[in-house]
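First the structure, in the form of structure tokens, and then the observations on it.
The values are calculated or read from the model by the stated rules, or taken from the named source; none is laboratory data. Just so we're clear, the structure is a prediction, and the values are computed from it rather than from any experiment. Note that each Cβ is placed from the backbone with ideal geometry, even for glycine, and that neighbours are counted across all protein chains shown. Areas reflect the complete protein model, heavy atoms only, side chains present, ligands, DNA and RNA absent. Shrake-Rupley method; radii C 1.70, N 1.55, O 1.52, S 1.80 Å.
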Amino acid sequence: MSYESAWLNADIPCSVAGLKGVESILLKVDHAAAGKEERIIETAVHETARAVKELFGTAAEEKRITATDEITSGRNASDGRIDILLELVGEPALDTDGAYRISYNSAASRAEVKAGTARGLLYGSFRLTFLFKMVSSLNELSEESVPASPLRMLNHWDNMDGSIERGYSGKSFFFRDDSIIIDDRTEAYVRMIASVGINSCVINNVNVRTAATRLITADYRSDLKKLAGIFEKYGVDLYLSLNFAAPIEIGGLNTCDPLDGQVRSWWKEVLDDLFSDVPQLKGFLIKADSEGRPGPFTYGRDHAQGANMLADIIAPYGGIIIWRCFVYNCKQDWRDTKTDRARAQYDNFKPLDGKFSDNVILQIKNGPMDFQPREPVSPLFGGLKDTHQMIEFQIAQEYTGQQKHVCFLIPEFKEILGFKTYIRDKEGRPIKDDTVCDIVTGRTFKNKNCGMAAVTNTGDDANWTGHDLAAANLYGFGRLCFNPALTAEDIEKEWITLTFGDDKEVFLTVSYILSTSWPTYEKYSSPLGVGWMVNPGNHYGPNVDGYEFSEWGTYHRSDSRGMGVERGKDGTGYIGQYNEPNSSLYEKLETCPDELLLFMHHVPYTYRLHSGKTVIQYIYDSHYEGAEEAHRMRDSWIGLKGRIKENVYERVLERLNIQADSADEWRDTICSYYREKSGIPDEKGRI
Ligand code: GCU
């Protein structure tokens, strides 16, 4: 299927006043770059040349300058043309892999990109192109950026039959009929994600089944090598999801016990062979003992023993094991009010703190449950002091409207990253840099094996993300892990300009839709942090009791008097997993934030929120407001007819119509349910 260019849109013109073209692209590399580095540098030059051609219609001359050459003393800029210099330098400020500085040297009429590493040069070249489309004068070509998050990773839940678990934008562009697909789209994708600084990508689903288990065998070797080659050009490290039970499923053994000598030898042989054929491979992502996946628990081993066995084998290759903490009992009895799924990650992993090998990173979902529209931050951040950690977000909108609804998630991610964990050091002293962002970017514990991952929202739809506005989440995630200090508004503004150009009306409308979309979705879906009121299985659309009497540990505990899960001291004790003062803040009803109230506590419908409204009236009002806002979003989009490409306009309109109808359904389903359950009428008489 053909594809579009997303934010690398060739139709968006240069916005710099008076700039008419680029005379030369000068490359200055003082030391002899080789291998991988050289390939990335070539890509940086190639991308710059491509951008020049797209922006100005004419090509620039490409010159390589050696250390001893003088850079031409400058040009006469009266013709509106400049030079671009890409330079690899040895400056401490640019030492971090991926860091770059963009500036404009007016004396020489030269835009300059300087970086200490090949990746930095590539990111700087992409940013220079973006700045050409976003700023109005040459002097604004000024930006220095050091990537905050060492790992900036996307997780694909692509299956080898071509389907995508929780995929809402078509089929996989990596796999079809148990084979790896390599075509134009492969490079276009890697280019797109590299342009926003993504440096790592897991191509297959964590729920490794059937063919994907064999991805590590010789059968797929030559295709993996080709794929790794394409990834390498753009500085993206290739990762695979592994099946912990592979020794049984393809190795012919009768166990996958991580402490069994035969199991270890089997893995060693297979992985040694794999790394020697595909040296670009960086590591593996593993889901074990979770939702039916096999793992160390089966053999009475713990997760450190499981992870370390694999990590030790791949350590000589610089390999990394990313081990997911999404481990919980999914066969719960809903009548049991003490077992609490929200506690599971902490209960399972906190006791293992300090036991993982140095090349193991724990990947922790942002919340304790599963990507609900509103969840508290996982208390495991703030629990681990001696273990490498990554945060897992989900930009695939599984519980946030499945890319039929608009839900710009960057404001949510910003809130989560800014959460203060109040973690203390091993001696019990407070640590200044203690937010989730500090932990996963390595500031808290001064480490490099950490970062941010997102379950991605892409597929083979022409626009990559199904809903055109969902691309803002992909763009935004990349930008946010590179520079978490950016505001959601900064990111939104960049994406809109690069995607739609500088039409003010378009900007204001799209910005209004994006910035209100998460609060709107929250208002008409699950109120006050309760979550899970979705249809079982597909997780789309309202179903208040869909997960109430099931085994998944996902309850709202509504009865005739009240609702919410009691997770305080008198309940499951989950709140006690937070450090003080967070723990007291959530424990006390008076201080518990309204938006998380029903996640933390069971309260009567007549309980008054900080706003003074009762819980029940809040439920009614927020659903009415949310649905109205969904209609308003749709109506505002209609005002853009004729101002943006017709196909994009129609695609988005179709989805906004679906969203408006669905929001009405959410409103009516939830309000009727609670009107009946509580017996309390709506003060405004609407239900
Ligand atoms: C959710 C999701 C599953 C997925 C799982 C995971 O439960 O619904 O499809 O497999 O998360 O993160 O592994």
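What to note about this one:
- Ile180 accessible area, assembled protein chains, probe 1.4 Å, Å²: 20
- For the peptides 133-140, 403-410, residues were scored by their other Cβ atoms within 10 Å and the scores averaged per peptide; the highest-first order is 403-410, 133-140.
- Normalised contact order of the chain, rounded percent, pairs of Cα under 8 Å and 6 or more residues apart: 12
- The packing ranking, built from the mean of other Cβ atoms within 10 Å per residue, places the peptides 2-11, 548-557, 432-441 in the order 432-441, 548-557, 2-11, highest first.
- Calculated Rg and Dmax of region 245-299 using C-alpha coordinates, Å: 12.2, 33
- Potential lengthening between Asp347 and Asp559 on full extension [0.36 nm per residue; Cα-Cα distance subtracted]: 73.4 nm
- Farthest positive-ward along the chain dipole, Cα basis, beta-carbon charges - from Ile395, Leu19, Ser583: Ser583
- Per-peptide average of other Cβ atoms within 10 Å, ordering 415-423, 190-198 highest first: 190-198, 415-423
- Bridges between two residues of region 1-151, per DSSP, are antiparallel at a rate of about 35%.
- Cα gyration tensor shape for region 296-432, rounded if a/c is under 1.5, else prolate or oblate: rounded
- Counting only protein chain heavy atoms and rolling a 1.4 Å probe, the accessible areas of Lys233, Lys171 rank, largest first, as Lys171, Lys233.
- Hits among aspartates and glutamates - C-alpha to C-alpha of Lys133 under 12 Å, sequence gap 8 or more where chains match: Asp11, Glu54, Glu494, Asp502
- By DSSP, the beta bridges lying fully in the chain are antiparallel in about 25 percent of cases.
- Three-way shape call for region 430-505 based on the alpha-carbon gyration tensor, with the a/c threshold at 1.5: oblate
- Exceedance of the 25 Å cut-off in Cα-Cα distance is limited, within the set Lys226/Lys365; Lys28/Lys53; Lys350/Lys523; Lys493/Lys613; Lys226/Lys446; Lys420/Lys448, to Lys226/Lys365; Lys350/Lys523; Lys493/Lys613; Lys226/Lys446.
- Check: region 542-635 dipole with +1 on Lys, Arg Cβ and -1 on Asp, Glu Cβ, in debye: 180
- Computed over protein heavy atoms with a 1.4 Å probe, the accessible surface of region 84-133 works out to 24 Å² per residue.
- Value of [θ]222 nm, deg cm²/dmol, for the chain, DSSP H segments ≥ 4, -39500 (n - 2.57) each, nearest 500: -10500 deg cm²/dmol
- Accessible area per residue in Å² at 1.4 Å probe, computed on region 373-466: 28
- HN-Hα J in Hz across region 92-100 - Karplus 6.51, -1.76, 1.60, θ = phi - 60°, x for Gly and Pro: x, 5, 10, 5, 4, 4, x, 6, 8
- The share of accessible area on the chain that comes from carbon and sulfur is 49 percent, using a 1.4 angstrom probe.
- Inter-part distance where region 665-687 and region 391-441 are each reduced to a Cα centre, Å: 33
- Difference of contour (0.36 nm per residue) and Cα-Cα distance, Ala10 to Ser515: 179.2 nm
- Val236 sits with roughly 10 Å² accessible to a 1.4 Å probe, with DNA, RNA and ligands left out of the calculation.
- Lysines whose Cα lies under 17 Å from that of Lys171, excluding same-chain neighbours fewer than 8 positions away: Lys404
- Using C-alpha pairs below 8 Å separated by at least 6 residues, the relative contact order for region 615-687 is 44 percent.
- Gyration tensor (alpha-carbon) shape descriptor, the chain, a/c threshold 1.5: oblate
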